[in-house]
Amino acid sequence: MFATMNKFIYFPAVLIAFIASCNTQKNASKFRFTTPEAGMVVKIGDAIPLKLEFPSDVSIDSIVYSMDDEVLARKTDSTPITLDTEKAAFGSRTISARLYYGGEERIAYSNIVVVPPTPKRYGFKVVNEYPHDPKAYTQGLEFDDNGALYESTGNESTGQNGKSSLRKINYQSGEVLRRIDLDENYFGEGLTIVGDKIIQLTWREKIGFVYSKNNFAKIGEFPYGQSPEGWGLCYDGNRLIKSDGSSKLYFLNKDTYVEEGFVEVFNDRGPVDSLNELEYIDGKVYANVYQEDTIVIINPQTGAIEGEANLIGIYPDKATSNNELNGIAYDRQGDRLFVTGKLWSKLYEIELIAR
């Protein structure tokens, strides 16, 4: 009986110590952000309150608030601060607070996803229709300064048979004025024109080709850098801009073709991937979104999508696959916008209509 009593008395003492330890840990763990919740989507320019829950048994020496390791504020009390996102970069931004008390440090983390304002919405009007080779698996489309149209195709017919090609087109008749075929090991993708040179991408071969615009003679080639694939390509007058099917646009040196940076593309809901064929128009990058009848208008300096054009229904003979909208060409002389798609029999001159 006595031994049992000793055991009975000893057990609650251990239990009390255990509970006290848990309560201490629980209390210490209460240093956390209550606002913003992790992953909160905010539009650039929004003011976001940063609110913390503190352990009840600490005396605050100081708190250091940071975003992506850049100090926002230093405080000596528990009142919230306000984060101004006006100059924040798009994407996920890490928010941290470092609490200093009694020679100790605790850290709380959260994050926000900064997005641009809602883009402008556009519909379209067809101005003119022209014939287009229905066997051309269009991957790149661009006018030169003289109004001649150039086209890069992937493997023809179903996208798997035949050969990829580089072409010069009479856009009014659809006649192919000049053509060379790529070796069957290469799948042609986007193209752009820099002076008297044509630059053409390949898909998964991680190599680009450089041709003389006058006679299509191949005069060079270059490897890709960090971008794993070649999709779309355009030229802004200073550098090449390349897509790889992700949400990134890569900037390439126009002379060496070396990647020199990138920007990630966002709309008001988050990053936008599957960026495909590209065209540079009046300071903006126009991009097809793969497998969608959509063109997005991107600010290449920030990555913000500033406009979205819905082209659903433009091509009535569109099949369910391998038949996507994928070709944007801007005639600078006539200030005219043209689009086509993979295996489309039509090239359309269109006007975008703001909604």
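The values are calculated or read from the model by the stated rules, or taken from the named source; none is laboratory data. Nothing here was measured: the structure is a model prediction, and the numbers come from that model. All Cβ positions, even for glycine, are placed from backbone atoms using ideal geometry, and neighbour counts span all protein chains on display.
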Does GLY261 count as touching a strand residue (DSSP E or B) at 6+ places or on another chain (Cβ under 9 Å), surrounded by fewer than 20 Cβ atoms within 10 Å (Cβ to Cβ) and free of Cβ contacts under 8 Å to residues at least 12 places away in the same chain? yes
* To do: Could you check, for region 210-223, whether at least one of its residues is surrounded by 20 or more Cβ atoms within 10 Å (Cβ to Cβ) and free of Cβ contacts under 8 Å to residues at least 40 places away in the same chain?
  => no
The residue that is surrounded by the most Cβ atoms within 10 Å (Cβ to Cβ), considering only those in region 296-330 that are at pLDDT 95 or above and of a type in the set (Asp, Glu), is GLU308
State yes or no: is ASN155 surrounded by 14 or more Cβ atoms within 10 Å (Cβ to Cβ), outside the structural domain of VAL265 (by TED's automatic domain parsing) and not hydrophobic (A, V, I, L, M, F, W, C)? no
Only one of SER56, SER78 is out of contact with any strand residue (DSSP E or B) (no Cβ under 9 Å at 6 or more places or on another chain), in contact (Cβ under 8 Å) with a residue 24 or more places away in the chain, more than 30 Å from ILE350 (Cα to Cα) and in a loop (DSSP other than H, G, I, E, B), namely SER56
(message) Going by what's in this entry, would ASP145 be described as surrounded by fewer than 16 Cβ atoms within 10 Å (Cβ to Cβ) and at pLDDT below 95?
(response) yes
For this session: Would you check if there is a residue in region 50-58 being closer than 30 Å to GLN301 by Cα and under 27 Å from the mean Cα position of the chain (by Cα)?
Result: no
Check your understanding: Is it true that ALA287 is buried (at least 19 other Cβ atoms within 10 Å of the Cβ) and either small (Gly, Ala, Ser) or outside any loop (DSSP other than H, G, I, E, B) (or both)?
Key -> yes
Within region 41-58, residues modelled with pLDDT of 95 or more, of a type in the set (A, V, I, L, M) and surrounded by 15 or more Cβ atoms within 10 Å (Cβ to Cβ) come out as VAL42, ILE44, ILE48, LEU50, LEU52
Scanning region 331-349 residue by residue, those in contact with a Leu (Cβ under 9 Å, 6 or more places away or on another chain) and surrounded by fewer than 19 Cβ atoms within 10 Å (Cβ to Cβ) turn out to be ASP331, GLU349
Within region 300-335, the count of residues that are closer than 23 Å to PRO271 by Cβ and free of Cβ contacts under 8 Å to residues at least 24 places away in the same chain comes to 1
Based on this model, can you work out whether ARG98 counts as surrounded by fewer than 18 Cβ atoms within 10 Å (Cβ to Cβ) and at pLDDT 95 or above?
yes
Notebook entry, point to check: So is VAL210 in the same structural domain as LEU191 (by TED's automatic domain parsing), among the aliphatic types (A, V, I, L, M) and under 27 Å from GLY341 (Cβ atoms) or not?
Noted result: yes
- Kindly establish whether GLN160 is at pLDDT below 95 and assigned by TED's automatic domain parsing to the domain that holds TYR286. yes
Those residues of region 59-75 which are under 33 Å from the mean Cα position of the chain (by Cα), part of a strand (DSSP E or B) and surrounded by fewer than 14 Cβ atoms within 10 Å (Cβ to Cβ) amount to GLU70, VAL71, ALA73
